[in-house]
1. Going through segment 277-312, which trypsin sites (Lys or Arg not before Pro) have at most 14 other Cβ atoms within 10 Å and a DSSP loop state?
2. Enumerate the lysines that K242 could reach by cross-link, defined here as Cα to Cα under 22 Å, with residues fewer than 8 away along the same chain left out.
3. Report the net charge of residues surrounding R300, where surrounding means a beta-carbon distance below 12 angstrom and charges are Lys +1, Arg +1, Asp -1, Glu -1.
4. What's the FRET efficiency of I410 with E22 using the Cβ-Cβ distance as r and R₀ = 45 Å, to the nearest 0.05?
5. What ranking of F217, F249 emerges when the number of other C-beta atoms within 10 Å of each C-beta is taken as an exposure proxy, fewest first?
6. Please enumerate, by chain and number, the aspartates and glutamates with C-alpha under 18 Å from the C-alpha of K77, excluding those fewer than 8 residues away in the same chain.
7. If we count every other residue with Cβ under 11 angstrom of V311's Cβ, Lys/Arg +1 and Asp/Glu -1, where does the sum land?
8. Contour minus end-to-end for T108 and Q315, with contour as 0.36 nm per residue of separation and end-to-end as the Cα-Cα distance?
Amino acid sequence: MLTSSDLPALLRIITNGITAIESSCTQRGIRYPSLDDSLTPESLAIQESLAEEALPVIAAAHQVMATLMSSRSFHQKIIYGSQQSVAIGVAEAGHVAEILREAGPKPTALSPRKLSHYLRFLTTLHVFKEISPDVFANNRRSAVLDTGKSVKEILADPDAKYDGAPGAAAITGTNSDEFLKGAGHTVDTLLDPATSHSQESADSPLQRAFGKKMDLFAWYELPGNELRLRRFGHAMRGVQLKASILGGFDWAALLQGSVVVDVGGGFGGLDLELAKDHKHLQYICQDRPQVAEQANKMWRDQGNQDVISGVVKFQPHDFFGPQPVKNAAVFYMRYILHDWSDAHCIEILTQLRASATPDTKLVVIDALLQNNCLSDGKWKHIPGGEAEVAPAPLLPNFGIAKSDEAYVDILVMTVTNTQERTLDEVNTLLEATGWKLERVHRFPPPSLPQVVAIPV
Ligand SMILES: C[S@@+](CC[C@H](N)C(=O)[O-])C[C@H]1O[C@@H](n2cnc3c(N)ncnc32)[C@H](O)[C@@H]1O
């Protein structure tokens, strides 16, 4: 007798998951947002509240596609995947989401004929919709590109487009400019004996693309990169992923006046978010002098009370040098270690350890890569140490449903010549620098996990 394919099992996962989502919505008297619904905080909250239930459904749906699609079509989706980045980059550069929100003919530097082809391609990916031939409208997926500004305001000062806006437009612009230019040089960089085994950011594909030899953050400060630096800062500020910062670690339990240091904190978006809920703490956001100065000025100009009153302070500091704060309750870092090779991470963590008190906690917020096979249970003794493994026949790491970190893994190889890490790899860094892994807080994607460590 023939054994059955995985398709019936995948169908059951999809049916059970969607039934659970629908019945939860019915019980709560709400409707799960459709692709045509506006992107409101309420609809985002509904989606977030059902993220766990959605994971196996998304993983199964993609596995059905991988099973049913012809090899040629499936291969084409992979090799031409970068065309998605190109098309959405064109839509962002043309301020299309804002133009469609205002609905009506508006000036654009783009050729209407070419633009309609990019937009139609995006509609096939559920981004924008074509309501009549060559006439497009926003949908829930294209609305993420909308800065909320008027087209007139953007055209009057294009460099300020991302100031004060949600970060998706900024990260789209960053990706379709310097990141994609770097990506085109990846294979050459990996095959060139002069760079193939290098662990230095100066040897990244991005540096090769621009003909420079320096780390990404020094490069951002070169004359001519002013817009890129500003846009990157807004991209990072905009990636709030609230659970990664407000969930997990017990900020409320810290004593009144405790000092929380955000190491390499950029524009301080996370500190301002934390300060909304935890006014009893003092926040010091450290970064390169140019970034710290820009952030301080920006928030003061915007009248941010937490910055003006000193609840959140910006401090210029090079995290490779001695850490000036000697009484920190918490050192935390998001998206820092993934930008640096092991040798450089050891320098950063050693400086923090040298300034830690016996009670200081270290909170590392970065992706944790999950192997795509069954776990050997090595981290069972650490709370949160073992990631959930998907039920068969799904891929153990939930495939596309939990792939955000895998995408960034490949991205950082392009832009900083580094990789995301597994928990084993993070633990190696902690052990080498006098920190002890205490626990891991994990959240549904896209929120990043928190690795909490204490001084040995
Ligand atoms: C990927 S961004 C993350 C920003 C912020 N932690 C966040 O999650 O939004 C990396 C940050 O590290 C900062 N940085 C790079 N090199 C640094 C150094 N040597 N000392 C301090 N900050 C640095 C960059 O300026 C940038 O703001």
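1. Listed in order of number, the matching sites are K279.
2. K276, K279, K313, K361, K402
3. -1
4. Taking R0 as 45 Å, the efficiency between I410 and E22 is 0.80.
5. Neighbour counts put them in this order, fewest first: F217, F249.
6. D404
7. +1
8. Working it through step by step, the gained length comes to 70.5 nm.
We did not get these values from a lab; they are worked out from the coordinates using the rules stated. Note that this is a predicted model, so its numbers are computed, not measured. We place every Cβ from the backbone using ideal geometry, glycine too, and count neighbours over all the protein chains shown.
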